[in-house]
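> Have a look at this one.
The values are calculated or read from the model by the stated rules, or taken from the named source; none is laboratory data. The model shown is predicted, which means the values in this text are computed figures rather than measured ones. Heads up, the Cβs are rebuilt from the backbone with ideal geometry, glycines too, and the neighbour counts pull from every protein chain shown.
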Amino acid sequence: RAEEEATQFSQEFRLVSKPESEINWVAGAYVFQEEIDRSERFIVRAALPIAPPSFGGDTTFVQDAMNRSFAVFGQANIPFADIWELTLGARWTYDYREIHQVAIDNEGGANPPPGIPLGPGGAPYNVRGDESFSEPSWKIALAVEPIDNVRFYASYDRGYKAGAFPSTAQSGAQALTPLASELLDNYEIGVKSTLMGRLRFNAAAFKLEYQDLQVYELLGLALVTSNAQAEVEGFEIETALAVTNNLTIGASYTSLDAKFTSNAVSGALVLPYNGNTLPRSPDSQYTLYVDGEWSVFGGTLATRADYQWTDDFYFDPSNNPEVLSPAHELVSAFASWESPTGLKVSVYGKNLTDTEYQSHIIKNVGVGFSVFGAPRSFGLALSQSF
């Protein structure tokens, strides 16, 4: 059971070029502050084939956190030689984390080992800490449009995700050991095109290289946070054809090869992830759909039917068989009618084949469970816009 109260403030200031400028540019600054008060209680009762015959615990984690972020940024799109465009962008970000973490053993050590899910060797704690992170990030892209509505591009982006303190830490030392900042280098080439005014075709090939990817896994009764290296290679294709002025058919396909390229490190703990597939990264996924739009009874009738197939994938980085989601398909349909006065009536059907599939799998010591996606369902919605 969790209770959370959070307040946020953010503000962005921008300067932009005039619309008639040959070079389009933007520059600005961003500030953000967040305060979070969170209380999360875990009650665990697990029967295991070891002595003692059962163990568990009742632990409350309290986390008071304050996060601040400041960034300055700029980007310019520079056309040249009629058909070329160069994009240059940069950002510098500073993040500050302040934390007060408390773990309370509600059973007072009455149930060995005490404090589960604090874990063996864990103990109640009350600790405070802070840490700061800062990194530059950037974007470099080159595009060419040799003919109208056909644009080829290549880009290189550096992304940054600040480090963070773990919640529900298993010890005071872990509660004060932040994850390292995550860095991402993204290389991409592709094409975006519209042909004959009816056919849209987009394609891209990409490679992502992660440094210190932030990883989360439930190991037994402990949520472990770690950093690892990883690479993702893949491509995606999207196409849509306007068969008539009222009817469009489309398809998309994505192929991924997403692997850890190192073990994950969490303090002195080394997790054997090297070569494993990244969580929630199916090798293949595709979608087929049909869209329609007609004028009916003085209003607009919109329809859509789609079919989606997803390859098997793992829910956590261990790649254990019990966290494997089998390949599955989903079929859905939707129709709505909207009047000129804003009255809208919608009907829908989801998972029309009543496919049984997992939306989440959690493994544990002696226990584990799956959360299944919604079964076949139908609905009706009525709304009025003013």
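> Determine whether segment 187-198 contains at least one residue that is surrounded by 17 or more Cβ atoms within 10 Å (Cβ to Cβ), among the aliphatic types (A, V, I, L, M) and at pLDDT 95 or above.
no
> Can I ask one more? If I ask for residues that are under 17 Å from residue 236 (Cα atoms) and aromatic (Phe, Trp, Tyr), which ones from segment 157-193 would you list?
Within segment 157-193, just 187 meets the criteria.
> Against the definition (within 30 Å of residue 84 (Cα to Cα), in a strand (DSSP E or B) and not aliphatic (A, V, I, L, M)), how does residue 295 come out, yes or no?
On the way: within 30 Å of residue 84 (Cα to Cα): no; in a strand (DSSP E or B): yes; not aliphatic (A, V, I, L, M): yes.
For residue 295, the condition - within 30 Å of residue 84 (Cα to Cα), in a strand (DSSP E or B) and not aliphatic (A, V, I, L, M) - is not met.
> Moving on to the next point. Can you tell me which of (1) without any contact (Cβ under 8 Å) to a residue 60 or more places away in the chain; (2) in a strand (DSSP E or B) is the one residue 245 doesn't meet?
(2)
Yes/no matrix, rows are residues, columns are (1) modelled with pLDDT of 95 or more; (2) acidic (Asp, Glu); (3) closer than 25 Å to residue 35 by Cα; (4) in a loop (DSSP other than H, G, I, E, B):
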site	(1), (2), (3), (4)
102	no, no, yes, no
133	yes, no, yes, no
146	yes, no, no, no
153	yes, no, no, no
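> A further question follows. Check segment 347-364 and report whether any residue there is under 30 Å from residue 264 (Cβ atoms), among the aliphatic types (A, V, I, L, M) and touching an Asp or Glu at 6+ places or on another chain (Cβ under 9 Å).
Among the residues of segment 347-364, at least one is under 30 Å from residue 264 (Cβ atoms), among the aliphatic types (A, V, I, L, M) and touching an Asp or Glu at 6+ places or on another chain (Cβ under 9 Å), which makes the answer yes.
> In addition: For segment 266-285, which residues satisfy the criterion of being surrounded by fewer than 16 Cβ atoms within 10 Å (Cβ to Cβ) and more than 19 Å from the chain's Cα centre (by Cα)?
Passing the criteria: 267, 268, 269, 270, 272, 274, 275.
> OK, next. Go through (1) crowded, with 17+ Cβ neighbours inside 10 Å; (2) at pLDDT 85 or above and name the single condition residue 37 misses.
Failed condition: (1).
> Does segment 334-381 hold any residues that are in a loop (DSSP other than H, G, I, E, B) and either among the aromatic types (Phe, Trp, Tyr) or touching a residue at least 60 places away in the same chain (Cβ under 8 Å) (or both), and which are they?
Just the residues of segment 334-381 that are in a loop (DSSP other than H, G, I, E, B), to begin with: 339-342, 351-357, 364-367, 373-376.
The answer is 357, 364, 365, 366, 367.
> Looking at the structure I just gave you, is residue 22 modelled with pLDDT under 95, more than 30 Å from residue 223 (Cα to Cα), touching a strand residue (DSSP E or B) at 6+ places or on another chain (Cβ under 8 Å) and not hydroxyl-bearing (Ser, Thr, Tyr)?
yes
> With respect to residue 208, is the statement that it is out of contact with any Pro (no Cβ under 8 Å at 6 or more places or on another chain), in a strand (DSSP E or B), touching a residue at least 60 places away in the same chain (Cβ under 8 Å) and closer than 27 Å to residue 361 by Cα true?
Values: out of contact with any Pro (no Cβ under 8 Å at 6 or more places or on another chain): yes; in a strand (DSSP E or B): yes; touching a residue at least 60 places away in the same chain (Cβ under 8 Å): no; closer than 27 Å to residue 361 by Cα: yes.
It is false that residue 208 is out of contact with any Pro (no Cβ under 8 Å at 6 or more places or on another chain), in a strand (DSSP E or B), touching a residue at least 60 places away in the same chain (Cβ under 8 Å) and closer than 27 Å to residue 361 by Cα.
> With the requirement that a residue be closer than 17 Å to residue 29 by Cβ and of a type in the set (Ser, Thr, Tyr), what does segment 56-82 give you?
69
> Then there is this: For segment 63-87, what are the residues that are among the small types (Gly, Ala, Ser) and either in a strand (DSSP E or B) or surrounded by 14 or more Cβ atoms within 10 Å (Cβ to Cβ) (or both)?
Matches in segment 63-87: 65, 69, 71, 74, 76.
> Continuing with the same structure: If only one of 79, 49 is farther than 30 Å from residue 125 by Cβ, modelled with pLDDT under 90 and not small (Gly, Ala, Ser), which one is it?
Checking each option against the conditions leaves just 49.
Table: residues versus (1) assigned to a strand (DSSP E or B); (2) in contact (Cβ under 8 Å) with a residue 24 or more places away in the chain.
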residue: 231; (1), (2): yes, yes
residue: 258; (1), (2): yes, yes
residue: 270; (1), (2): yes, no
residue: 282; (1), (2): no, yes
residue: 285; (1), (2): yes, yes
residue: 290; (1), (2): yes, yes
residue: 317; (1), (2): no, yes
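> Which of (1) in contact (Cβ under 8 Å) with a residue 40 or more places away in the chain; (2) assigned to a strand (DSSP E or B); (3) not small (Gly, Ala, Ser) is the odd one out, the single condition residue 188 does not satisfy?
(1) is the only condition that residue 188 fails.
> Go over the candidates 296, 331, 347 one by one and state the one that is at pLDDT 95 or above and surrounded by fewer than 16 Cβ atoms within 10 Å (Cβ to Cβ).
The conditions single out 347.
> If you take the residues in segment 226-254 that are buried (at least 16 other Cβ atoms within 10 Å of the Cβ), small (Gly, Ala, Ser) and within 22 Å of residue 199 (Cα to Cα), which one is nearest to the chain's Cα centre (by Cα)?
Across segment 226-254, the extreme among qualifying residues is 252.
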